[in-house]
Structure formats: C-alpha cells, structure tokens
There are 4 protein chains.
Amino acid sequence: MRIGVLTAGGDCPGLNAVIRSVVHRAVTGHMDEVIGFEDGFVGLLEGRYRPLDLNSVSGILARGGTVLGSARLERDRLREAAAKADALCARYGLDVLIPIGGEGTLTAARMLSDAGMPVVGVPKTIDNDINGTDRTFGFDTAVTVATEAIDRLKTTAESHQRVMVVEVMGRHAGWIALEAGMAGGAHGICVPERPFDPTDLVGMVTERFTRGKKFAVVCVAEGAHPAKDTMDYGVGEIDKFGHERFQGIGTTLARELERRLGKEARPVILGHVQRGGVPTAYDRILATRFGWHAVEAAHKGAFGHMTALHGTRVDMVPLADAVTYLKTVPDDRMNEAESVF
Amino acid sequence: MRIGVLTAGGDCPGLNAVIRSVVHRAVTGHMDEVIGFEDGFVGLLEGRYRPLDLNSVSGILARGGTVLGSARLERDRLREAAAKADALCARYGLDVLIPIGGEGTLTAARMLSDAGMPVVGVPKTIDNDINGTDRTFGFDTAVTVATEAIDRLKTTAESHQRVMVVEVMGRHAGWIALEAGMAGGAHGICVPERPFDPTDLVGMVTERFTRGKKFAVVCVAEGAHPAKDTMDYGVGEIDKFGHERFQGIGTTLARELERRLGKEARPVILGHVQRGGVPTAYDRILATRFGWHAVEAAHKGAFGHMTALHGTRVDMVPLADAVTYLKTVPDDRMNEAESVF
Amino acid sequence: MRIGVLTAGGDCPGLNAVIRSVVHRAVTGHMDEVIGFEDGFVGLLEGRYRPLDLNSVSGILARGGTVLGSARLERDRLREAAAKADALCARYGLDVLIPIGGEGTLTAARMLSDAGMPVVGVPKTIDNDINGTDRTFGFDTAVTVATEAIDRLKTTAESHQRVMVVEVMGRHAGWIALEAGMAGGAHGICVPERPFDPTDLVGMVTERFTRGKKFAVVCVAEGAHPAKDTMDYGVGEIDKFGHERFQGIGTTLARELERRLGKEARPVILGHVQRGGVPTAYDRILATRFGWHAVEAAHKGAFGHMTALHGTRVDMVPLADAVTYLKTVPDDRMNEAESVF
Amino acid sequence: MRIGVLTAGGDCPGLNAVIRSVVHRAVTGHMDEVIGFEDGFVGLLEGRYRPLDLNSVSGILARGGTVLGSARLERDRLREAAAKADALCARYGLDVLIPIGGEGTLTAARMLSDAGMPVVGVPKTIDNDINGTDRTFGFDTAVTVATEAIDRLKTTAESHQRVMVVEVMGRHAGWIALEAGMAGGAHGICVPERPFDPTDLVGMVTERFTRGKKFAVVCVAEGAHPAKDTMDYGVGEIDKFGHERFQGIGTTLARELERRLGKEARPVILGHVQRGGVPTAYDRILATRFGWHAVEAAHKGAFGHMTALHGTRVDMVPLADAVTYLKTVPDDRMNEAESVF
C-alpha cells in the first residue's frame, strides 16, 4: 500500500508517536510505502510531502510537537479538497490517508471519506472530548502537567493562607479540570458542563478555614461559567486572528472569591504548557497503539473509521460517531470528585 | 456504618489516595465512622487501629507508601482470622472491612468474606496482573518510572555504542516490561508469558547496527526466561528471609548478548524505584475512584466484591473472579509492541 | 544553647530543609534545645512556638512550604519587637534566634541584632537577588520549573508557528529570566536591569523566521520594562491588599509583538508555580548546609551575620552586607546569554 | 577563526549544550567557522568531521548524549596525534581545538597543547572530580536522578521496614553519594575518600529503629570500601573489554548489613541512568557558559587552558591544574552531611 499521513490542528503530545508507529507498522509489517504531508491538509492540497522511512521517524517517539507540521485549513479549501478527492489520491498514488487530528480534522476526514477517499482517522485532543473512544492521547500529559502545577501551588497557598484559582484548558468539556482537580486534590472543580454558583465555592472555602485549614485550591476549566445571575463576569473580545481574548474565568473568579471572602485569592492560568512537550508514558503507548491499528485497519479496508480505545482494546469506530457530538463530563464523575473536596 | 480499612502487601503508589478517598466519601457522604488497622491484617488480629477522620488523611493524596503501614501475614494466622470473623467484627463494631491489596490480600479477603465477614476489596498491584479489572493503580507510576529510566539510558547507550538490558519488575506477568518497553522505544521486550530466544535478540541488534544505528535497548521483565535450550542461565537461591536471590535475568541476558555479539552489553536493574514514591496523576485518580466506589458498594451491601475499572467505569466484581487466575499479557499486545521495535 | 528558629516572607522551596538541618545539627551535634516560632516574627511577638526535636522534622526535607508557617509583619510591630529585644530573649530563654527569610526578614534580623538580640540569619529568596551570597536556595527550583515550562512551550510554539512570551518571577532582578531563558533556549530575555527595546525583539524574531525557523520564545521577568519611548504599556492598580494588579508585561509585550509582527504572539504567565513545591536536589543541599552553618555560627558567637555561599564554601557575612543593596544581573551575564539566542 | 570541537569519554548531560554554545558564540559573535570531529579524537585522526552552523545545533540544548559521538582513544594513538599536532592543524586549517571531556580527555588535550596545538579545554564529568573548577556540568543531573530515586525508595523502605543500600556512581570521588545522600536524606553515606566501618552503619540503623523509625537508607559510592579488617568483601574480575565486573559494594554491603542486623536490607544499583538523558537547567546553563568562554578564550589566545567555574564567574585555568590530581570530597563536607543523618 501507499499510505499518506498528516497531522492537523493544535499541538498535542503523542503526535510523533503516532507517525512513528504508522511508519514502523507499515514498513516492517506490510512493506508499505509511507509519505507524510506537511502542515496538515495544506500540504495535501499544495503537494508538499516527503517519504517517511524508519530513519525519518527515528528518535521522535518522546518528542513533543509534530515533525510533519500542522496548520488549520479554512472550510472552503477543505471543500475544494473533498471535491477533488479522487484526483488527490491519484496524484499521490494514495491507497489510504491517515489524518491525525481533533474534531475539526475528523470532520474533514469524514468529508473526504464521504467524497470517496479511503481514509482512516486517528483521534487527537488533549481535551479528551472526542466521542467514541474512552480516551485520547495527549490528555494524560495535560492532566499530568496541570496536576504537577497544583501540587506546587498548594504549598504556596498554604504558606500564604490563600485561595488559589487554577485555570486549566477545556473550552467545551471539563475533563482536564476534573482529573487534574482530583489528582491535585483541589477543593473545588468548575467545568463547562455544570454552571457553578460562586456561593458554593465560598461555602466550601469558609468550611475549610473553619476546620483550621489555611488554604484552598479551586480548579476551573477555561470554559466554565457561573450559573445565571450568580455572578457578574466579563465578556471577551475577538481579536483579528479570530481568537477570543478576555479576562478569563480564572482571573474573574479569583476576584469574585476575594471580594466575597475578604481573603487573598490568586489566579494561575496554566495555558499552553499543558499542550506541549514530552508525552507521558501513557500517551506514548496509546498513540503507538493507535498508529498500529490505523495501519491494520487500512489493510482491512476499514475506511471511514477511526481508532478508539475501549477498555484495554483498540477498536475501529465510524468517523461519524466521533464527530456527531462532544464527549462531556457526566454527572457521576463530578459526584465522585466532589466527595473528596 | 463503621468501616475498617487496611493496606496489606508490598508498597504501591496510590495506597494513601485510596485511604483518603474512603475516609472522605464515608465521612462527608454518609456520616460513617472509619477506623484504620495498622500493618494490614496484623493490626486487625492484634487490635492495633486508629480512628480516621478528614484531618487524619489531610495531605496524603500524593504521598507514597501507606500511612497505615503494611505487613505480610502468614497463612496460618489468616486462617485464624477467618475462623473468628464474626468475633472480629463484633470486637471492632465493624459493618464492613475494606482491605486494599494484591492477589494475596484479595485471597485473604475472600476467605474472610466466605467466613461471613462483610468485605469490600480494593485491588492493588504495580504489576497490573489482577484479573477482572482493566488496570490497577500503581502500575502507571511503575511504567512512568521505568520509561524515564529508558529515556535516560538511550543517550548513554548511543554515546557508548552499547546494548542496554533494562530489567523491570514483573515476576509472573510482563505488563511493565511491555508498556515501559513501548513507551521507552525499546528494541526488544521479554516477558514471562513468552519465553524468548536470545538468537532473535541477537538478530534484532545486528539488524539495527547494520542499518547504521549505534545502540539497542532490551526491556526484560524480571520473570522472563529463555525458551528451553536456547541459553544457559543460573538458578537463584532462597535466602533466610524466603526471598529468591539470584543473578537475575537482566544480568544474565546482558552477558549472553555480549558474548554472542562481541559488543558491550550492560544490565540495568531498576528494582524498587518502580514501586515507591509520588503516584502519577493517573494512579491518584484511579485510587481515588476505587476508594469512593468501595464505600458506595459497602452501603449497597455488595460484599465479597472488589472495585474494578472497566473502560471508563468503576464496577464491582466478585473477589472470586480476581483471584482465580493471573491477568497476563495477551499475544496481540506483544504483536503491537514488536512492530515498532 | 536554646535556639529559636522562624521562617518569614513568601514561600520558597528549601525552607523545611533549613529547619530540619538546624534541628539536627543543634540536637545531635550540640545537645541544644530548639524551639520554632509560628508564622514568623508574629509568633515571636505573640508567644506562639513549639519545641522542635528530631521527630518534629522527620520527613520534611523534600516538602515544599514551611512547617512553621510564615506571615508578613508590619514595620511598626517590628520596631516594637526590636524595642523589647532583651525581654523577648529572656521570655523564651533564647541564646540565639535564627530567622530564615528574604530581604525584609534580614532587615528585620539586622534591627533585632542592632537592638542586642543574638541573631544568625539565613537568606532565602527564589529571586536570587540577596547580596553577599553566590546563590540562595529556592532559586534553582524556580529556574527548573520555568525551564520545564519553556521546554513544553517550544513544541507548541513551533507547531503553531507562534511567538511565545513567557513571564517569570523577578520584580527587581532578572535572575530567573536570565537562567530559565538560557536553560530553555529562549531567543530573547528581558530583565529589569536592562530596559528593552521591542524593536530588537522584532528584529530577532524576523531574523529567525527568515532563517526558516517557525517560532520564537521570549522570556521576560515580571519587572522588565521597555526603554523610554519605545512602547506604550499600561500601569497597574493597587488593590485593597496592597498588591499591584495589572495587565503584566508578558501580556502587554505579547500584544505589542503581535501588532508589530503580524504573527500570533501568546503570553504565558507562570506565576506561583515557580515558588512552591518540592525543592530540587541543589536547593535541598544548599538549604541543609545553610542550616548547619547557622548553628555553628551561633556556637561561635558570630551574631549579626548570615550564611552565604562563596564558591563551594559556606561562609558568614554581616547582615549589613546583605541588605544594603540588591544583587542584580550584571552585564556580562546578559552578554553570555544573548550570544546563544 | 576556524574552530574544531570534539567530545570524548563517557556520556554526560550537557555535552550538546556546550557544542551548541560554541557554535553560536563563534558564528554569531565572531564570524568564525566551526567544524565538529566525530567520535572524539578518533575523528580528528581519521579525518571524520563536519561543518557546524546554527542549524546543525538547533534543538540540541536539552538533548542528552552528544551529536558528535564519542569514543575512547588508546594512549598510543594519542601519542601519534601529539606527534603530528602541527600537521593535524594544517590539515584541517584549525586555529584552535576545543575538546570537551573528562580527566583522560584533558590529559590528552594537555599533550596536544604541549606539542604545539592551540587547545582550549572544556571539563566534563558527572563525578565532579576534576580539579580547578567548583563544579562540572553533568554532576547536577546525576545528583538529581539519584535523589529522585532515593525519594522513591524511602516510601518502599518504610512500608517494608527495610534497610535500602543505594549504590551511586563515583569510582574515585564520592561527590554524587555525598550530594544525593544529603538531598535524599540518607541516613548513612559512604564515599571512597573515607573507608567506612560497617559497625557504624549498624549502629546508626539500630539507633533509628530504637527511635521508632521503620527504615533506613544508606547511599554508597561505587568506589567506597570498608576500612581494613572491618568486613569481608569480594574482588572484581576484569572482563575482556577491560571493565571490572564484580558484585559491587552496594550488594555486598546490603548482605553484610542484613547479616548483622537480622533485618532485610536491599541493594539498588542506580547505574547508567545517572549519566544520560535531559540535563537539568543548572547543567544546561553551566555547559552553555563553558562553551561561550571557551570561544572567548580562543580569541584571546588563552591556549593550554580550560574553562572553570569559580563562584559565579567562569575563568580560565591551566590544563595542568586540572589533571594533576583528583578533586575529592573534603572532610568538612562529610561532617556537614553526617550531622543530618
């Protein structure tokens, strides 16, 4: 087979591990040829690619980023790609395309698949919010980084007798906040799925200080928001790059808590440190397994599917399943977390 | 309810997280009382215990070891405990006992349960070889530590143009070798489940050096062994503490490879660093969830069961399921791993 | 001797290691008694203290924060303390007080010393800006945390073809920015000691992109500021807790670079993660040595002095030396750093 | 200038940081040309080298190992090199050679320098035993790795009520044992400089258990040995690669302690994990500064010297100073360490 591989969307620890695994399995397991498109679908459209052999992927397993580069593609150009799916396959002699990416990428993959291109997707998101798979690679690294930060912040919070509000990633789903909050032993967790009432947080902090504790940590997803009419908070503005820029919820919430409690409350916005760098062992393994199974699926003709973790198995699920709706934090997981605040 | 909790068997990152979670859920969720027995079943027999409240478990989430202590109990004394199960419950006013431990502990738990004691188990092993659950806490930490070691060893192996043989834990199951080997990008993995032929390893190393690579890393479980008649290796002796002490497989294999290859091969025996210290975020979360669900199970009367991870859910499975046989590495996982050597 | 020890000022990794070392050296080396005042000088004034023996300091070597607590003391109450220095010594039977703290604490120590109290200081600051000593403990940990963050940010910056502006601690001295910038391989470093011209940063980034590089990282101390008339930037407001709260230099600079370059530039404000948590090996050793030498100095009657690292030796220097002026980053260190941008 | 650079001897975190710094400073600071010899002096003799520019050293700052490779050179071939020092310089058009290496390499550097080659050395050793400099890069990383291991081992030792004997690197000098022992809070430290008496260790452990402690950790340098007639221990054998292979002191000492104490004592041999992988921030900075100053020294004609850290300054010292004798652990450092056991 001749396999094309590309990475699209934001940075995510484990991308290189997938690329390496695809190449190893394809080359040593099946004598396939592999080419890698640069900068995601842009490279596919513009003819920028390079052959990938064992040496091309040597030493990249533990490296952050993606050796293939990544770029966002406008929806119009994607339609253009779908319109000439056959021509693209012919041009590169592709038997299958393996795009590695998040919801946007998998939606694009589905468009190309529907247009007739043989596609096997590999889901990627540090947010863990892609449906159809128990977990995605990158998420464990993000949680690990956020947890280490909370570990460090706690001693400072305690020394300074303060409330710390740690804002982590998660615009639409609160998985990182949930898990880093649990692992870091946060005393409050706010996720987009469940609007919070600042009064509850005030109650929790007050109760802790009454018990003689000298600090509290709240872990808040960037997409979390207060329940209606419980708190004023600002609105962001869209900058010329199309990104919302605003006084985030972390900062806003810290001020609100400070105002209500009469105690120092400080925001810490973890930001991009959560999404880059060396992947954890867990993410390297999951990424490697996804790469392996994507190649196997290609050889079995399971096009229009993506790799998915179910328990200990890697299965193939229809791309359609993955992009229909977002996998959000269910109530029972929040209940578990709240019991150890 | 009045809940007794104890930890038994070897050290395992996450034990304290379970204890903390049990106490939090019991005390804040159900107004239960919790007592902790010291040094495992020994404390249960000898009446050494202490009450556990929120303050007793404050700050222990990320700490290695167990605040309750642990000890092995001889089988005879265990039978003694089972024989007076009712008396023990009466003595401490126990409504349920939550033992946290590995195969031996769960077997003991089953004996006590069969003898009429209300028991809910929590499985623990860094080896990941307990049946009935996808994963156990402690395993992710062990794999992480071993992977970091392999990461470091690779640059040295390359600088010195050497073969490194890294021996990791796993007497009966090769999970740590499998996952640390995959995550660390080892070029050979030897597990107890599949006797290896040194000739294959020699072939792999030779092929790598032919391709211009200057080093190779083999990850070997302590319980791995060569296929019959493929290699001489020594036998251990039992010391007065009952532990087998021998020139391990790592050292033996390194010598064998050196002899056959005419290249330097060095063993590194990771040993106990894999089983202690701060748990990873993953293990803290799993341990916390297990503690939570153990308390819920107790309240639902699901005695004779233990907590188990199935996909993203925590379920209860009969203790009998867990201790009947060992969960070993299946062939398909080895096949995946081997493709990226 | 009867030794009092206290920690004052902000959190700093290594505080517990000093306390532990003071107690060990005093108790096992000299049969001294040690008492620890709670919450810094506040405990000294209010009579809140506890005896410290080997068991009190067991297991704290690697723990962040301070087991004694810390608090800021208003200048007026400090004068009050100085005025009754003799009475305080008599009250607690103190032969020497060992305050561990930053510039403010050492200034207070000097006041008490001048007022007749036998004092031996131990300098502490993550900012490394105390004069008279090569280094202070806490600094290595801060640099390590900031460097790990930059390591992670680089892969994301590269994947997204972005400029990252990392704001690190350092209000008056740029040591953390200098060293984390060097260790992280930043392409620009801005410190308070040397007002920067955004035009230079724009030039550096442009040059990199011209060379085919796809990202740049600028490491900026929170106290850095542009040279006069080179850039507009906002002014902070003082909140009711007396802290300046403003759109920091990191955010401001990122916007300015984005505006001038027409490329995405993102700020990451590391904040308090730099000052808490487990100390590095280096900081534990330096802190332990400082504690040891403080006790020895007390026994030699070297009052009015503080411990200081000079090369590989720990010496005693007059408190006056330490607090006269700030140790700032010299030009030659900046020159070294700039050559590897 | 035309500068040659090479790395020789064993792996050491920071080698790549020196190479990168030499190239950056030479190319951007002085418009020099730089060539890198492969596999140390072997490449110099055999004409294997490549030009190094900014792109050649991009991304290597934090990478372990050496991009130039390393190899040991027999003494005879070194004499051969010295004999034709002029011819070698002429052959490559070298204005200066910058060898980066340990005692052997610096001795070779001195021979070449004496033979008329313009040489500026950069000292390298994880053992920290090169004379004339406060510290060498690589040492901080080794201490950090060993300390993290001791941190992990302590919880296991405590859970199992055991003595752990951790063997760290240091054949002739005990710096790693001293510092990792201090940072890890070991209860006994054995270094080559001071033959130990097992009876003292037995006393220390006994005293701890009497105080109610449940474990003890001894940190022992691989080159440590018991004082005459205090303990039997084996002798190693020299294998065909010229390396001593024996039941090391860690294993021997653990058995001896177990025999005398009647308690379990386990050896952990850290081995090569101490000398490879990502360098700490400290080592990256020191390595970068050494590279910078080596280039400056070359331009000032300070041949026959090497870079050295003195307090906060990097100075140049004669190569002769560095290789005359080994820098060993002085008594006062051991005394400091022993007080916190």
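Structure remark: mean-square fluctuation, Gaussian network model of chain B, C-alpha springs under 10 Å; the largest value among B:Arg20, B:Arg275, B:Arg171 belongs to B:Arg171.
Each Cα pair under 8 Å and six or more residues apart adds its separation to the average, and for chain A the resulting relative contact order is 23 percent. B:Trp292 contributes about 30 Å² of solvent-accessible surface, heavy atoms of the protein only, 1.4 Å probe. Classification of the protein assembly as shown by its C-alpha gyration tensor yields a rounded form. The axis ratio a/c (a ≥ b ≥ c) stays under 1.5. Across the stretch B:56-66, computed HN-Hα scalar couplings (Karplus, 6.51 cos²θ - 1.76 cosθ + 1.60, θ = phi - 60°) run 5, 10, 6, x, 9, 3, 9, 8, x, x, 9 Hz from first to last residue, x flagging Gly and Pro. Summarising the amide proton neighbourhood of D:Ile35: residues at separation of 5 or more, or on other chains, whose placed amide H is nearer than 5 Å comprise D:Ile3, D:Gly4, D:Val5, D:Leu52.
Rounded, prolate or oblate, given the Cα gyration tensor of the stretch A:142-276, with a/c below 1.5 counting as rounded? Here the stretch A:142-276 falls in the oblate category. Mean-square fluctuations from a GNM of chain B, with a 10 angstrom spring cutoff on Cα atoms, peak among B:His172, B:His293, B:His272 at B:His272. 3J(HN,Hα) along the stretch C:79-95: 4, 4, 4, 4, 4, 10, 4, 4, 4, 5, 4, 5, 4, 9, x, 6, 8 Hz, from the Karplus curve 6.51 cos²θ - 1.76 cosθ + 1.60 with θ = phi - 60°, whole Hz, x for Gly and Pro. Neighbours of B:Tyr49, meaning other residues whose beta-carbon lies under 13 angstrom from its beta-carbon, give a summed charge of 0 when Lys and Arg score +1 and Asp and Glu score -1. Debye calculation, C-alpha points only, no solvent: report log10 I(q)/I(0) for chain D at q = 0.09, 0.10, 0.14 Å⁻¹, in the same order as the q values. Once normalised to I(0) and log-transformed, intensities are -0.52, -0.62, -1.03. The antiparallel fraction among DSSP beta bridges confined to chain B stands at about 30%.
Each residue of the stretch A:217-227 was assigned a 3J(HN,Hα) from its phi angle through the Karplus expression (A = 6.51, B = -1.76, C = 1.60, θ = phi - 60°), giving 10, 10, 10, 10, 6, 4, x, 5, 8, x, 5 Hz with x at Gly and Pro. With its label point put 7 Å out from Cα toward Cβ, D:Arg91 sits 5.1, 7.9, 8.3 nm from the same residue's point in the other copies, in order from shortest. Remark on C:Val119: its backbone amide H falls under 5 Å from those of C:Leu97, C:Gly304, a criterion applied only to residues 5 or more positions apart or on other chains, H modelled at 1.01 Å from N.
With label points defined 7 Å past Cα in the direction of Cβ, position D:Pro51 shows copy-to-copy spacings of 2.7, 7.6, 8.0 nm, given to one decimal and shortest first.
All Cα-Cα distances of the stretch C:52-176, cut into 10 Å bins from zero to the largest, leave 10, 29, 30, 18, 8, 4, 1 percent in each bin in turn. A label point on A:His30, set 7 Å along the Cα-to-Cβ line, lies at 5.1, 5.4, 7.4 nm from each of its counterparts in the other copies, closest listed first.
Taking every alpha-carbon pair under 8 Å whose residues sit at least 6 apart, the stretch B:142-276 reaches a relative contact order of 33 percent. Per-residue ellipticity at 222 nm from helix content only, as computed over the protein assembly as shown with -39500 (n - 2.57) for each DSSP H run of at least four residues, stands at -12500 deg cm²/dmol.
Of D:Arg110, D:Arg135, D:Arg194, which has the largest mean-square fluctuation in a 10 Å C-alpha GNM of chain D? Evaluated over chain D, the most mobile residue of the options is D:Arg194. May I ask what percent, to the nearest 5, of DSSP beta bridges between residues of the stretch A:142-276 are antiparallel? Close to 15 percent.
For the rotation carrying A onto B, the chain A residue whose Cβ lies nearest the axis, with the distance in whole Å, reads A:Gly311, 2. Once backbone amide H atoms are built at 1.01 Å from N, D:Gly40 has D:Thr7, D:Ala71 as its partners under 5 Å, excluding neighbours fewer than 5 places away on the same chain.
The values are calculated or read from the model by the stated rules, or taken from the named source; none is laboratory data. These numbers were taken from a predicted model, which means no experiment stands behind them. Heads up, the Cβs are rebuilt from the backbone with ideal geometry, glycines too, and the neighbour counts pull from every protein chain shown. For the accessible areas, the whole protein counts, side chains as well, though only heavy atoms, and no ligand, DNA or RNA atoms are used. Shrake-Rupley method; radii C 1.70, N 1.55, O 1.52, S 1.80 Å.
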